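Presented below is the structure to which this report refers.
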Amino acid sequence: MLHELDIENYAVVAKLRVGFHGGLNLLTGETGSGTSILVDALSLLFGARADADSVRAGADKARISGVFEAPSSSGLRATLDEAGFELEQGELILERHVLAGGKSRAYVNGRPATIALLRELAEHLGDIHGQHEQQNLFSGKHQMEMLDEFSGVADLLANAAEHYREWRACERELAELRGNEQERLRLLDLYRFQHKEISGAGLQPDEDATLEQERHRLRNVARLQESAAKASEALSEGASSAAAQLKIAVRAMEELARFEPELEPWPAQLESARAAVEDAGFELQRYLDGLEADPDRLDKVEERLANIEKLKRKYGKTLAEVLAYGGEVAKKVSELDNAEESAAKVEKRRAEAAKRYLGVAETLSAKRKAAAKKLQKGVEKELAALAMERARFEVVVEGGPGEPDWTAEGFDRVRFDFSANPGQPPRPLAQVASGGELSRVALSLKTCLLAEAGKTAKRDKAQRTLVFDEIDTGVGGRVAEAIGQRLHSLAAGSQVLCVTHLPQIAGFAHAHYTVAKVEKNGQTFATLTELGADQRVEELARMLSGAKVTPAALENAKQLLKTTGR
């Protein structure tokens, strides 16, 4: 449940903090006053796409934060654990910054988070239903998603997708193996050439690094000889070499040790150092003797490295990638050489994957068809409560087990059909529903989905937050009252936030807020006020009569609140 929403420098809001209650929270205001700004701000906390244009003019960034009482569901805790977050006293604080430059940042309990995490958390915290979501009702994909949500078939969908991917992979492999003979021979010729080029090169792992080192040495023989000669001379050649000087030092220390017993170990230590120097000089001289310019060898190394670079340009960025590609090509040559045998093996795997897929898809289809009947009855019942007693709603599940209909979601196609009037057969929702009818269908579907989810979900004192923006589009009078009653009923099990322009709906609120725009110093600001009893009567009267509130409108507003029991 959303306890508090804090907004700074967002659209026409400079600074606004509002606390919400359990039950039905209604937001009203004149058209253009900014009622939907709160819904848009909450959408950002739920991971919606940020727009730099929403940052208030002159501000560096917009900031939106919300304090939620978090449900104790295992799914929410698993999401938080995986992301490395913890609940703090049962609360979640979500925050979003939208920078004027266009970038966006997210925070959970004060720590940086990803937008993807906000979207995952939103599934546990709330749901926003606005005009965009109503338009989604026209999409067959969205209709199937709603039916699947109602059916509770998430595990079956995951299994179907996995088996479908296996089947499709076999299909592609078979297509390659059973392509026309001309194509098969063309590919076989290409793969044989590539295999011959790579295997014929006799490449060794890390060979290029070894050759690079040898090339560097061969290119710098003169400098190496000069340095080695200097070092050899300094170590062991001539009277002034290190070995000769150490020999003199040994003799001198032996003479000292005859008179100073504590110096007896020194001659042996210096002798050891002299021997090490002579050994180093010997090894250095041997290295120098073998260090000769070899132009022929340098040419061969250069040529070998050039060939390796040519192969890397064609088959991989590194020598390891070239060798790996060579292995793949060898496998393809073998497969194409034995196409029929390989095809038979793949066909067997394909048949097994198809069998597994069909088993899951048929179960999925059966569950969808059973759920479709239940959903359409539920929606028709809800529509009747919304003053559409004679409306018909059908959930059509089409498709069959034939391969042309197979998808990762099964072989079904789902369509919502609707008829508002007796004597008119149901037709696709997108073709026949008016704005007001679509609002009621959307609310009916949402009610049924929530009711079904409530049967399987663990009851929790922390209610989810359901947001309805412009759910009253195209309706009024008795229909508006019916929608108000339905929202009021939904609020018994969930926190409901609703933007409305109809007094018949606003009259059912447990908490009523009004949004208004004011001008100050040439700038426009949006304000939000929670209404007391008397203020609420005045707001309802304004909604009933317009800008000028009449005594009759005030009396009608009081009567409206009395009728709704508020």
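The values are calculated or read from the model by the stated rules, or taken from the named source; none is laboratory data. Everything numeric here is computed off the predicted structure, so don't read it as measured data. Reconstructed Cβ throughout: ideal geometry from the backbone, glycine too, with neighbour counts over all protein chains shown. All accessible areas refer to the heavy atoms of the entire protein, side chains included, with ligands and DNA or RNA removed. Shrake-Rupley method; radii C 1.70, N 1.55, O 1.52, S 1.80 Å.
Tell me the chymotrypsin sites (Phe, Trp or Tyr not before Pro) within segment 473-566 that lie in a loop according to DSSP and have at most 10 other beta-carbon atoms within 10 Å.
Working: sites: Phe508, Tyr513, Phe525; in loops: Phe508.
Listed in order of number, the matching sites amount to none.
The separation of segment 75-151 from segment 24-59, counted between C-alpha centres, amounts to 16 Å. Label separation (Ala344 vs Ala234): 7.5 nm, computed from points 7 Å beyond Cα along the C-beta direction. Once the Cα-Cα distance is subtracted from the 0.36 nm per residue extended length, the Ser489 to Glu303 segment shows a gain of 58.6 nm. On segment 279-424, 50 percent of the accessible area sits on carbon and sulfur atoms, based on a 1.4 Å probe. The candidates Asp51, Asp405, arranged from most to least accessible area with a 1.4 Å probe in the full protein assembly, appear as Asp51, Asp405. Counting only DSSP beta bridges whose two residues both lie in the chain, roughly 75 percent are antiparallel. Structural descriptor for segment 442-566: relative contact order 19 percent, calculated from alpha carbon pairs under 8 angstrom and at least 6 residues apart. In order along segment 255-268, the phi-based Karplus estimate (6.51 cos²θ - 1.76 cosθ + 1.60, θ = phi - 60°) of 3J(HN,Hα) comes to 5, 5, 5, 5, 9, 10, x, 5, 9, 4, x, 4, x, 5 Hz; Gly and Pro are listed as x.
Each of the peptides 3-9, 283-289 was scored by the mean count of other Cβ atoms within 10 Å over its residues; in descending order, highest first, they stand as 3-9, 283-289. The simple Förster model, with R0 at 35 Å and r as the Cβ-Cβ distance, assigns Leu99 and Ser72 a FRET efficiency of 0.50.
For the chain, give the magnitude of the charge dipole about the Cα centre (Cβ charges: +1 Lys/Arg, -1 Asp/Glu; no others), in debye to the nearest 20.
With only Lys, Arg, Asp and Glu charged at Cβ, the dipole is about 2980 debye.
Tally Lys and Arg at +1 and Asp and Glu at -1 over the other residues with C-beta under 11 Å from the C-beta of Pro401: what net charge comes out? With Lys, Arg at +1 and Asp, Glu at -1, the neighbours total -4.
Between Ala275, Tyr191, Phe508, the Cα set farthest toward the positive side of the dipole of the chain (charges on each charged residue's Cβ, about the Cα centre) is that of Phe508. Pairing the Cα long axis of helix 74-83 with the longest principal axis of the chain, what angle in degrees results, from 0 to 90 and rounded to the nearest 10? Between the helix axis and the principal axis of the chain, the angle is about 30 degrees. Its relative contact order, with pairs defined as Cα atoms under 8 Å and 6+ residues apart, puts segment 284-422 at 15 percent.
For Ile471, the residues whose modelled amide H falls within less than 5 Å of its own, excluding neighbours fewer than 5 places apart on the same chain, are Val499.
Quick one: angle between helix 319-337 and the longest Cα principal axis of the chain, in degrees between 0 and 90, rounded to 10, please. Between helix and principal axis, roughly 70 degrees.
Counting only heavy atoms of the protein chains and using a 1.4 Å probe, Thr527 has close to 50 Å² of accessible surface. For the chain, dividing the convex hull volume of the Cα atoms by the residue count gives 331 Å³ per residue.
Across segment 309-317, computed HN-Hα scalar couplings (Karplus, 6.51 cos²θ - 1.76 cosθ + 1.60, θ = phi - 60°) run 4, 4, 5, 5, 5, 8, 10, x, 6 Hz from first to last residue, x flagging Gly and Pro. Checking the Cα-Cα distances for Lys196/Lys312; Lys517/Lys562; Lys446/Lys517; Lys196/Lys331 against a 21 Å cut-off, the pairs over it are Lys517/Lys562; Lys446/Lys517.
Excluding ligands, DNA and RNA, what is the solvent-accessible area per residue of the chain at a probe of 1.4 Å, expressed in Å²?
With the other protein chains kept in place, the chain gives 53 Å² per residue.
Dividing the Cα radius of gyration of segment 373-477 by its Kirkwood radius returns 1.03 for Rg/Rh.
Cross-link partners of Lys367 among lysines, defined as those whose alpha carbon lies under 16 angstrom from its own and excluding same-chain residues fewer than eight positions apart: Lys377. Relative to the longest principal Cα axis of the chain, at what angle does helix 551-564 sit, 0 to 90 degrees, rounded to 10? The angle comes out at about 70 degrees. Here Lys517 and Asp81 are evaluated by their C-beta separation; at R0 = 45 Å the FRET efficiency comes out at 0.55. Length gained on full extension, Lys381 to Ala161: 75.8 nm, using 0.36 nm per residue less the C-alpha separation. Normalised by the number of residues in the chain, the average gap of Cα pairs under 8 Å and 6 or more apart makes the relative contact order 22 percent.
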